[in-house]
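Here's the structure we're looking at; comments come further down.
Every read-out reported here was derived from the displayed coordinates using simple, explicitly stated rules and does not represent laboratory data. Only a predicted model underlies this, so the values are computations on that prediction, with no experimental measurement involved. All Cβ positions, glycine included, derive from the backbone under ideal geometry; neighbour counts span all protein chains shown.
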Amino acid sequence: MIFNTRVVEPSKPFADKANLKRAEHTALLKSAETSYEDHWAGLAKNNLVWKKPFTVPMKWNPPFVEWFCDGELNISEQCLDKHLNGSTAQKTALIWEGEPCDDLQPCERKTFTYAELHAEVCAFAEGLQRLGIKKGDRVALYMPMIPEAVISMLACARIGATHTVVFGGFSAESLRDRIIDAQAKCVITANGGFRRGKILPLKVAVDKAVSECPCVESVVVVDRLGETAESAYRNSKSAFTATQMHSGRDHWYSKCKIAGSTLAAAALPAEHPLFILYTSGTTGKPKGVVHGTAGYALWTNLTCRWVFDIQPDDVYWCTADIGWVTGHSYVVYGPLSTGATVYMYEGAPDFPDFGRFWRCIEREKISIFYTAPTAIRAFMRQGNQWPQSSNLSSLRLLGSVGEPINPEAWEWYHATIGSGKCPIVDTWWQTETGGVMMSPLPGITPLKPGSATRPLPGIAVEVVDDNGIPVPRGSRGKLVITKPWPSQLRTVHGDPERYKNTYWSTFAGPAGAVKEPYYFTGDGAFKDADNDIWVIGRVDDVINVAGHRIGTMEVESALVDHSSVAESAVVGVPDSIKGTSIYAFVTLKNEVKQMAGWNDVKKQELARELISHVGGIIGSFAKPDHIRFTDSLPKTRSGKIMRRLLKDVATGHESLGDTTTLEDVSVLASLRQSSDDE
Ligand code: WTA
């Protein structure tokens, strides 16, 4: 079960300069062990700027937790104002590069010092206030990767509006559902964004979504296209159409800004909801994961310093989109709170060719680079000539996130991108955990290709059986977190019962080994002989496609929404680039099958139509890779679809395991026979 036992010992030169030294690490582990609340209280006092100090470290009313709850602060102050007194004020906070380029040279590059970013955030925060946005209101963001996205998040935080960022790859329908669930009063978007040479029609999707959202009073539009060099249009495959503005509702971003504003950050309770981020789960619609302010601010800051070892002269690049949690914690809040120089790139890694990322690293002298295994595998397949055409010697630390990294990809990343000298932090965490929970610590922990190794100081994880009892080393079990932690999700927006049921009911306690409820991650894992943890992947009905979390139920509902489909079942199958690809079994309504002229060509057409239907409902990234039509689906006597069997069929495994609980065994035979029938 242990894929690779190669161990890369920490390098001494790295360790000598690292933020976190071995002795401090040992002391942190010890203080978390001996006095958990004091441990966290000490870190929160020393690392956050408080407007009103807290006196209560933690209130744990399982499964609801509050941290530092009688204190007051503002995370935009941690990210901006804190840096304005010293030399960091004139340091570059953000370097941004647009996607369009001419002759491999980017057409657009912008930079903001901390003082400039502060001014931008104040100007827009006051503008939002003038639009009637108040503390506690929700604001939805549907934006490309442009500086205004970062500014908007910080501006919301500054006035205490809770933001909900919706990834720009989601469809208008998904956007609508999220806006309605969050009851957002305002939507911030752009009239476009560049992705792989095309213009993303974000404003068009917003118009469609908002027409069905009575809660939305205003839409703020960044003029991304107007500011773009003419060559961008020439190179783009999309035709330019003028932006439609709805009078009374839509406002240009540039007109909203109040120039010269120095709006003070609102003093917010430590638990004030900073953001809602929708994520897929086993059942129903995506849920709105709610994060608070102080605990999240603390942990994103500490993990940036401990795990990414961000230091004053680093140039740091996390390639995640701000639409996902990695973008929230490790493009915006964490690195800016450390005073880092953050590099941000708008577009696709392969535009105009597979050398783009490496040229960015050379040009900007990126020293810390954090990306996903799916991207690493895609680059690996393209060959070494791309990274080798650029000088990557500025890199000193690499990171990986989103799914287990296979040792082969790890080795390539280590040797080819990191020239064998950069530690790789394989960071395991989730939308719900707010920040990294397990990772090697550079300079301290030996690296093992494919293992996230150990929990960070203060984080208590265990690998347990169904009764909550730790499994022996080498055996698979479920990954749980046994103590509340500062950056944990606080609830599911508008649905505390769902919060309880989803995360805290599997190991509810007190029973047997479980004295207090454990947080269930949904992941399977095992510990090796050294006690290092290897995360295997999801054990629930969530699949991880190219690092994107997708609920099989969501794809099934989107398929069933099509007028020809009677029933569907979706499983994940291994994919060499995406990690997992989406395999959908579909049964059709009788009238479709009985239609005159129903043949293989029609079937293929319908399969294509179904794939784009799912893209339209959820977003392109959730399109099934394979559609298999079948007469019926294998079910248990209680009517539950037997996904395990379907997975075996999809992956072509002959041994289909125990079939005694099948209601209709003949279904399986027909599935096997129809296995060429795609
Ligand atoms: C998976 C992304 C193995 C895991 C930050 C988790 C990982 C889900 C790793 C969360 C890793 C993330 N090793 N698996 N280093 N990082 N995962 O919410 O299955 O988009 O539960 O958060 O990604 O995905 P999410």
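Please arrange ASP575, ASP81, ASP426 by how many other C-beta atoms lie within 10 Å of their C-beta, fewest to most.
By the 10 Å Cβ count, ascending, the order reads ASP575, ASP81, ASP426.
Would you please report the Å³ per residue occupied by the convex hull of the alpha carbon atoms in the chain?
166 Å³
To make sure I understand, if each residue's beta carbon is the centre and we count other beta carbons within 10 Å, what order do MET642, MET143, MET58 fall in, fewest to most?
MET58, MET642, MET143
Work out the P(r) tail for segment 35-348: percent of alpha carbon pairs separated by more than 33 Å, whole number.
The proportion of pairs with Cα distances above 33 Å equals 22 percent.
Which lysines, on any chain, are close to LYS287 with Cα under 16 Å apart, when same-chain ones fewer than 8 places away are left out?
Cross-link targets: LYS500.
Which whole-percent values make up P(r) of segment 133-283 when all C-alpha to C-alpha distances are grouped in 5 Å steps starting at zero?
With 5 Å bins starting at 0, P(r) equals 2, 9, 19, 21, 20, 14, 9, 4, 1, 0.
Run through segment 62-132 and list the trypsin sites (Lys or Arg not before Pro) located in a DSSP loop whose Cβ has at most 16 other Cβ atoms within 10 Å.
LYS91
Beyond 18 Å, how much of the Cα-Cα pair distribution for segment 497-577 remains, as a whole percent?
Roughly 62 percent, rounded to a whole number.
At 222 nm, what helix-only mean residue ellipticity would the chain give, in deg cm²/dmol to the nearest 500, using -39500 (n - 2.57) for each DSSP H run of four or more?
Rounded to the nearest 500, it is -8500 deg cm²/dmol.
Over segment 1-55, what per residue volume does the convex hull of the Cα atoms give, in whole Å³?
Roughly 151 Å³ of hull volume per residue.
Using packing as a proxy for protection, rank 340-349, 528-537 so that the peptide with the highest average count of other Cβ atoms within 10 Å comes first.
Highest-to-lowest ranking by the protection proxy: 340-349, 528-537.
Rounded to a whole number, what is D in µm²/s for segment 25-90 from Stokes-Einstein with the Kirkwood radius over alpha-carbon pairs (20 °C, 1.002 mPa s)?
Diffusion coefficient, whole number: 158 µm²/s.
Pairs to check: LYS257/LYS578; LYS203/LYS623; LYS478/LYS593; LYS91/LYS255; LYS45/LYS135. Give those whose C-alpha atoms are more than 31 Å from each other in this structure.
LYS257/LYS578; LYS478/LYS593
Using a Cα-Cα cut-off of under 24 Å, which lysines could be cross-linked to LYS12, ignoring same-chain neighbours fewer than 8 residues away?
Candidates past the 8-residue exclusion: LYS21, LYS30, LYS365, LYS421, LYS448.
For segment 145-208, state which trypsin sites (Lys or Arg not before Pro) are in a DSSP loop and have at most 14 other beta carbons lying within 10 Å of their beta carbon.
When the trypsin sites (Lys or Arg not before Pro) of segment 145-208 are filtered for loop state and at most 14 Cβ neighbours within 10 Å, ARG196 remain.
Calculate the length of the line joining the C-alpha centroid of segment 319-352 to that of segment 379-413, in whole Å.
So the two Cα centres are separated by 18 Å.
Please label the shape of segment 505-548 as rounded, prolate or oblate, based on the square roots a ≥ b ≥ c of the eigenvalues of the alpha-carbon gyration tensor (a/c under 1.5 means rounded; beyond that, a/b larger than b/c means prolate, else oblate).
In terms of gyration-tensor shape, oblate.
Run the dipole for the chain about the Cα centre, Lys and Arg Cβ at +1, Asp and Glu Cβ at -1, nothing else charged, and hand back the magnitude in debye, nearest 20.
Approximately 760 debye in magnitude.
Compute the Kirkwood hydrodynamic radius of segment 438-566, taking the inverse of the mean of 1/r over all pairs of distinct Cα atoms, and give it in Å to one decimal.
Evaluated over segment 438-566, this radius sits at 16.6 Å.
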